[in-house]
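Everything below concerns the one structure shown next.
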Amino acid sequence: MAPTIDMPQTVEWQGKQVPVWPCPTINYGQLLSQDPAELDKVLKACLEEGYFYLDLQNIDGRRMLDDQQETLKLMHRFFEAPIELKNEFGLISSHLGYEPVGSRTGAFGAGTKDGYEMLKVSRDEIQRGSPKVPQPIKNSGDLRVLENAIGSCNTISKVILSALSTGMGLTGAARFENSHRNDRPSTTTLSMMHYLPANETGAGKLGHQKHTDISSLTLLFSEQWGLQIRPPGTCGAREMGFVAPKPGCAFVHVGDSLRFASGMKMQSCIHRVVPFDPAEHRYSIAYFLRAEDDTMFQDSEGRYVTAGQWHDEKFKAFTDPWQWQAMAPKSMILGGMKEAGEDDAGELPAFVTSQPALPKEEMTKVAVHA
C-alpha cells in the first residue's frame, strides 16, 4: 500500500491563494484484481468528479513508471534538437506528428497562444511497425521506448475501462472495451508536451487553453505543477484549481467520448495548463485512449456522431483562432459540460502583462487562420 500524502488545500500562484482540489486515489493492483470495493470507488470517481489519481506503485504498475522515465529521457533529447529536425514531417495528421509553439489558443483566452511544443505518436502507427517519427528519435532504441510506453498505457486504460463496464453492469458488446479494440482503427495517441519558459516563447504565448479532452480516458504523467481543473457540480461555481503532482501516480480523467458512451452519466474533466513557474521547462506525457473511429454515440447536442467525426470536429475547434472559438457552442471545446461560475480567462498574469502585447500583424494571422 502506497503511503498517504497530505496535499495542500491551497497554493500560492500569481500572488494569491489558489485551491488545490482533492482527488480520490485508485489502486491499480486492486483494480486489476477486480476488487469490488475498488470497482465501486473508480466508478464513483468517474460519475461524480470525472478524475482520479491512479496509484502505480505496485508490481503491476511499476513497469509503467519505468516507461514514463524512459519516455522523459527521450523527450529531453527530442525537444533539444533543432526545429528543422523536430519538424521534419510537420503535423502529418491530427493525431500524428509535431506541433510547434503557438499552434493553438493559450491558457488566458483572447489574444493568447499556447506555450508548448508537442510530439504525437499514433498507436496505430506504432502497431504497423513503420512509424513516421522525426529523425532525432528514429533509432531502434527510441522506437522501443515509445512502443513500451504505448503498450503499458493501453493495458492500464483497458483495465480501467473494464472496471467501469463491470461497475455499470454492462455485458457483451455493450461493454466499453468492446468499442476500443486493438485491431480497429482509432485516433489513440501518445502525446509528449514541452512547455517552454515565458521568456523563450515571447509575449502572449503560454499554457494550454481550458477544454475537455476528445478521448475516452486520458492518462497524464507530469512531475511538475501547472495542471488546473474545474470540478463539476456545485464545486464548479468556484475557481479553477491545481492538481498536485503525486509521486508514483498517473492523473486519469474522463473525456468526451466516454461521457457520451455512458449516456452523460460520467463527467468529462474541464482542465487547462498554466505556467506555475514561468521560468521552468515543464514536461508532460498524455495517453489519449480513443474509441474506434466508427463507434457511434450521441453528443451533448443530441447529434449521432462517430468517434472519428467527433475527433476531427473538436480538433479543428482546438486549432481555430480564438475569435471563432468564442462563436462556437461550448459543447465543442467543453464537451457540453456546464460551468456554474466565472473563469479568470483574459486576466493575464503579471509576468505577461509586463511584456509587449502581441503585434498587430500576428493578431491578423490568428484572425485569418483556418
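The values are calculated or read from the model by the stated rules, or taken from the named source; none is laboratory data. As the structure is a prediction and not an experimental result, all values here were calculated from the model. FYI the Cβ positions are ideal-geometry reconstructions off the backbone, even for glycines, and counts take in every protein chain you see.
So, in region 240-280, exactly how many residues are outside any strand (DSSP E or B) and closer than 22 Å to Ala174 by Cβ?
Looking only at that region, the number is 14.
Say whether the condition of being in a loop (DSSP other than H, G, I, E, B), of a type in the set (Ser, Thr, Tyr) and more than 16 Å from Ser284 (Cβ to Cβ) is met by at least one residue in region 136-156.
The answer is no, given that none of the residues of region 136-156 is in a loop (DSSP other than H, G, I, E, B), of a type in the set (Ser, Thr, Tyr) and more than 16 Å from Ser284 (Cβ to Cβ).
Collect the residues in region 109-130 that are part of a loop (DSSP other than H, G, I, E, B), more than 29 Å from Pro197 (Cβ to Cβ) and either in contact (Cβ under 8 Å) with a residue 12 or more places away in the chain or polar (S, T, N, Q) (or both), keeping them in residue-number order.
Residue satisfying the conditions is Ser130 alone.
Under 9 Å between Cβ atoms, at least 6 apart or on separate chains: pull out the pairs that start in region 290-304 with a residue that is without any contact (Cβ under 8 Å) to a residue 12 or more places away in the chain and end on any residue that is among the hydrophobic types (A, V, I, L, M, F, W, C) and surrounded by fewer than 17 Cβ atoms within 10 Å (Cβ to Cβ).
Partner pairs satisfying both residue conditions: Tyr304/Met296.
Matching residues to (1) surrounded by 15 or more Cβ atoms within 10 Å (Cβ to Cβ); (2) at pLDDT 95 or above; (3) touching a Phe, Trp or Tyr at 6+ places or on another chain (Cβ under 8 Å):
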{"residue": "Asn27", "(1), (2), (3)": "yes, yes, no"}
{"residue": "Ala37", "(1), (2), (3)": "no, yes, no"}
{"residue": "Leu43", "(1), (2), (3)": "yes, yes, no"}
{"residue": "Glu49", "(1), (2), (3)": "yes, no, no"}
{"residue": "Leu74", "(1), (2), (3)": "yes, yes, no"}
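Out of all the residues in region 163-193, which are out of contact with any Leu (no Cβ under 8 Å at 6 or more places or on another chain), in contact (Cβ under 8 Å) with a residue 60 or more places away in the chain and in a helix (DSSP H, G or I)?
Correct list: Ser179 only.
Of everything in region 96-108 that's on the phi < 0 side of the Ramachandran plot and touching a residue at least 60 places away in the same chain (Cβ under 8 Å), which residue is surrounded by the most Cβ atoms within 10 Å (Cβ to Cβ)?
Within region 96-108, the match that is surrounded by the most Cβ atoms within 10 Å (Cβ to Cβ) is Thr105.
Among the residues of region 146-159, which ones are surrounded by 22 or more Cβ atoms within 10 Å (Cβ to Cβ) and either charged (D, E, K, R) or in contact with a Phe, Trp or Tyr (Cβ under 9 Å, 6 or more places away or on another chain) (or both)?
Ala149, Ile150, Cys153, Ile156, Ser157
For region 244-251, indicate whether the set of residues that are without any contact (Cβ under 8 Å) to a residue 60 or more places away in the chain, surrounded by fewer than 24 Cβ atoms within 10 Å (Cβ to Cβ) and over 13 Å from Gly335 (Cα atoms) is non-empty.
yes
What's the number of the only condition in (1) assigned to a helix (DSSP H, G or I); (2) in contact with a helix residue (DSSP H, G or I) (Cβ under 6 Å, 6 or more places away or on another chain) that Val101 fails to meet?
Exception for Val101: condition (1).
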